[in-house]
Amino acid sequence: MIKDSQEADAPLFGDDDDDSPTATRQKKSEIKHPLATFFHLFFRTSAILVYLLCEILSSSFIVCMVTIILLLSCDFWTVKNVSGRLMVGLRWWNQVDEDGQSHWVFESRPATSRKVPTNSESQIFWLGLVVCPVLWVIFVFSTLFSFKFKWLAVVIMGVALQWANLYGYVRCKVGGKTNLRSMATNYLGSQFFKRAMAKQGP
């Protein structure tokens, strides 16, 4: 079951740190959460670098594998619980109610909130969130084509953890009840219609 929540149900999104009018007039290019921004990129880029340079950094496959898994786990927790909430005002999680039913909750800070994410933080967040999972997918195919099957479990874990965060935040962004397949179909249909109209033009 999926539930959408707004600020009233999410005290974690309350305007608790800065209610002054000057907060809404901050420069859009300002990074208000430098520590969260740093760790949003640090763990995921470190995992990729360790994977690419593992043969140079260590001759032990076990050491490299454990290091990558730890970095991926730290990245998953940081992005899911910290950087998404601070940098773009989004969060998602799973909870089990008293009846034992599992609920997926996707929340976004209301547009009326004074704590508006800056453009710089939003761009950094989404860039890191999208690019890194794509790289792990590429690593999966490169592992298969190069017959390095011992790395398959590691790269699959990278895909699973990072795509889970990407999926969760996309659902927060577009709305938990939005059908992503329908949204993608509508987008492709509109692009096809625009191209067809452009070809028919003078």
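Every number in this text was worked out from the coordinates using simple rules, so none of it is lab data. Keep in mind it's a predicted model, so treat the numbers as computed, not measured. So basically every Cβ, Gly included, is an ideal-geometry build from the backbone, and we count neighbours across all protein chains shown.
Distance between the pseudo-spin-label points of residue 74 and residue 130 (7 Å out from Cα toward the beta carbon): 2.7 nm.
Computed FRET efficiency, Cβ-Cβ of residue 52 and residue 120, R0 22 Å: what is it to the nearest 0.05? Intermediate values should be presented prior to the final figure.
On the way: r = 27 Å, r/R0 = 1.24.
Between residue 52 and residue 120 the formula returns 0.20.
Can you compute the FRET efficiency between residue 102 and residue 153 using 1/(1 + (r/R0)^6), with r the Cβ-Cβ distance and R0 = 30 Å? Round to the nearest 0.05. The computed FRET efficiency comes out at 0.70.
Residues of segment 37-58 with amide nitrogen under 16 Å from the 7 Å Cα-to-Cβ point of residue 82? Once the point is set 7 Å along Cα→Cβ of residue 82, 37-47 turn out to lie under 16 Å by backbone N, inside segment 37-58. Phi angles of segment 125-130 translate, via the Karplus equation with coefficients 6.51, -1.76, 1.60 and θ = phi - 60°, into HN-Hα couplings of 4, 6, 5, x, 5, 8 Hz per residue; Gly and Pro are given as x.
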